[in-house]
Amino acid sequence: MRGPRRRPRSATARLRCGVTLLALGVLLPLAARAADAGDPCAGFTWDVRHERALFGGTPQSLAAGTTTANAPALSPDKLYELQLSALSLVTLAVPAGRHASSPGAGAGLATLTLAQAGLYRISLDVPIWVDVIAGSNALRSQDFQGRPGCNAPHKIVEFVLPAATRLTLQLSGDSAKAVKVAVSRSPQPPQ
């Protein structure tokens, strides 16, 4: 027994099918870009999935230090919310890399000691300035990215950091009373 006979498609039907496939091929990527345009955090050119995942979690709340002696210790791959103090109450480890730009600017200190040296990212939810100090020297950042309207994270700064060295993270210059911060190893090789 034979199944139903299929009629060959007409040239018009094949043309309509081709046009439909072509339209889908053009419109689907445009729709994806339009969806990304609605997400201010989608504009990072780095792979920030790890940082986005960290910022999707619940932060551990700590009071940022006002001196290096009372600065809390941070660990990589954890999200923290540091409660800042008025800049005038914080004894900065080195002069801030950028001067406080707003009246009532907040500031705070934290420490970090890493088991492995390498390229690390410091991610922040507000446009606050971050300095990393080893001993009495501020380390130079390698690169950074930020996205207006995004706070998960807002800005990421990369530093080459040494192992087994007590580092001070110095945050200053924004009127925020608190800052979410995470430290993570960068998937990018150092330049």
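Taken together, the values in this text are just the output of simple stated rules run on the coordinates, not laboratory data. Just so it is clear, the model here is predicted, and its values are computed rather than measured. Positions of Cβ are generated from backbone atoms using ideal geometry, with glycine treated the same way; all protein chains shown enter the neighbour counts.
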Near the amide H of Leu79, under 5 Å away, which other amide H atoms are found, from residues 5 or more places off or on another chain, if H is placed in the peptide plane?
Gln60
Cut-off 13 Å between beta-carbons: net charge of the residues surrounding Ala93, Lys and Arg +1, Asp and Glu -1
0
Ala63 long-range amide H proximity, modeled H, under 5 Å
Gln83
Please work out, to two decimal places, the log10 of the ratio I(q)/I(0) at q = 0.10, 0.15, 0.19, 0.20 Å⁻¹ from a Debye calculation in which every Cα of the stretch 49-185 carries one identical scatterer.
-0.27, -0.64, -1.09, -1.22
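Counting only other residues whose beta carbon sits under 11 Å from that of Pro59, what net charge do I get with K and R as +1, D and E as -1?
Details: positive: Lys78, Lys180; negative: Glu81, Asp125.
So the surrounding residues net to 0.
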How many angstrom separate the Cα center of the stretch 51-73 from the Cα center of the stretch 160-178?
10 Å
Straight-line reach from Lys78: which lysines have Cα under 18 Å away, leaving out those fewer than 8 places along the same chain?
Lys155, Lys180
Segment Ser136-Ala63, extension gain: residue separation times 0.36 nm, minus the distance between their alpha carbons:
24.0 nm
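With Cβ to Cβ distances under 10 Å as the rule, what net charge do the other residues near Ser172 carry (K, R +1; D, E -1)? Please report the intermediate quantities before stating the final value.
Numbers: positive: Arg98; negative: Asp131, Asp174.
Surrounding charge for Ser172 is -1.
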